[in-house]
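A short write-up of the structure that comes next.
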Amino acid sequence: MAVLTIDLAAIAANWRMLSGLHPAGPVAAVIKADAYGLGAQAVATRLYREGCRHFFVAHLAEAVPLRPLLPDAMIAALNGLWPGDAAAYQRHAIAPVLGSLAEIEEWADRAPALLHVDTGMNRLGLSPAELDTLDPARLPQLLYVMTHLVSAETPQDPVNEQQRIRFADACARLPPAPRSLANSSGIFLGFGSDLARPGAALFGVNPTPGQPNPMRSVVRLMARILSVRTVQPGETVGYNGQWAATRPSRIATVSVGYADGYPRVLSNRAMACFDGQPVPLVGRVSMDLTTFDITDAPGAATGAWLELLGPNITVDAVAAWAGTNGYEILTQLGSRYRRVYVGA
Ligand SMILES: *Cc1c(COP(=O)(O)O)cnc(C)c1O
């Protein structure tokens, strides 16, 4: 059994902290992918109570169930407008982020919308060439003109300043409208605008890699030890014998595996924590079970709990061991955990 605790008060505190760092305008909450795996409805409700009035998801289908929870808040769908969906957007009062000339035509001045301009990401948004051919009369009322930063978590990357300038140029060629620029890390670059759009930092991912994490820890994943056994030098643990004891070792088995989003690539690489004591993951992560060497944590026994994620074992640390980022660790968090929300 494993318990995933999500601290909604910490998310609210993180939102307040980011708001303080972004005096140029309000701070939205990006809650796509079920609020980065943490539960969009619970997160949205808590942040609305805190005063947040701007929310972003990726898809219309993610936005619709949030509408009744967020009266009078803007809910925008980042991935744009699919042909045929415009009426549904209007019915649910969801604002599309229009990202191409075709989407602008499809929306056809129905209601206020957002406009995405591309300043270097080359995924979505109007290119400078498309801006040239755009007839401003075809635009709906614009809630925000937005762009998205390529490398905001790398402050020394010159692309940040290039994008800031390209965005200002693009906005100067459009009808006057509020602007939205920074993601989590962009706020720490000091990139102010009329609306910041953080996601990851709200959920405790470090927006300033290489420096201490200014955000509060949000998730805690505790796994109960199902069994403990002692293995002798030369004996192996788990599939394919990928770890062998070199001393008499106490091995704890917990019921978390790659089917729970605990990556298999963590085999022989990650740490957990028992009572302040780091304990190494040994052997392969399997589908439903993972094994840790608790020899140096004599208090750990069957029924005790190991921290797999939390204040001691950060999302960013697990991501580094897995060769990915904290975003992926959070969005993969499994559906089999017992989820507990605190600080609602
Ligand atoms: C996901 C996303 C964000 C949030 O980014 P974080 O790095 O999680 O803060 C902001 N804007 C757009 C367009 C996004 O796709």
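A few remarks follow.
- Only residues that are under 19 Å from Ser19 (Cβ atoms) and either part of a helix (DSSP H, G or I) or in contact (Cβ under 8 Å) with a residue 40 or more places away in the chain (or both) were counted in region 153-186, giving 7.
- Residue identified as without any contact (Cβ under 8 Å) to a residue 24 or more places away in the chain, crowded, with 18+ Cβ neighbours inside 10 Å, within 16 Å of the ligand (Cβ to nearest atom) and under 20 Å from Ala35 (Cα atoms) among Ile75, Ile94: Ile75
- If you go through region 306-344 and pick out every residue that is touching a strand residue (DSSP E or B) at 6+ places or on another chain (Cβ under 7 Å) and not hydrophobic (A, V, I, L, M, F, W, C), you end up with 8.
- Residue within region 122-137 that is away from the ligand (no atom under 15 Å from the Cβ), within 30 Å of Leu38 (Cα to Cα) and modelled with pLDDT of 95 or more present: no
- Residues in region 161-198 that are within 12 Å of the ligand (Cβ to nearest atom) and closer than 19 Å to Leu142 by Cβ: 7 in all.
- Ser127 satisfies every condition listed in (1) of a type in the set (Ser, Thr, Tyr); (2) surrounded by 16 or more Cβ atoms within 10 Å (Cβ to Cβ); (3) farther than 19 Å from Arg197 by Cα except (2).
- Criterion (in contact (Cβ under 8 Å) with a residue 40 or more places away in the chain and either out of contact with any Gly (no Cβ under 9 Å at 6 or more places or on another chain) or assigned to a helix (DSSP H, G or I) (or both)) met by exactly one of Leu306, Leu333: Leu306
- Inclusion of Ile11 among residues that are more than 16 Å from the ligand (Cβ to nearest atom), more than 28 Å from Ala108 (Cα to Cα) and surrounded by 16 or more Cβ atoms within 10 Å (Cβ to Cβ) is not warranted.
- Residue within region 228-240 that is over 30 Å from Gly25 (Cα atoms) and among the acidic types (Asp, Glu) present: yes
- Region 210-230 - residue that is more than 16 Å from the ligand (Cβ to nearest atom) and buried (at least 19 other Cβ atoms within 10 Å of the Cβ) and, of those, farthest from Val285 (Cα to Cα): Arg220
- Single residue of Pro207, Pro198, Pro233 found to be in a loop (DSSP other than H, G, I, E, B) and either among the hydrophobic types (A, V, I, L, M, F, W, C) or exposed (fewer than 15 other Cβ atoms within 10 Å of the Cβ) (or both): Pro233
The values are calculated or read from the model by the stated rules, or taken from the named source; none is laboratory data. No experiment lies behind these values; they were computed from the predicted model shown. Glycine also receives a Cβ, built like all others from the backbone with ideal geometry; neighbour counts cover every protein chain displayed.
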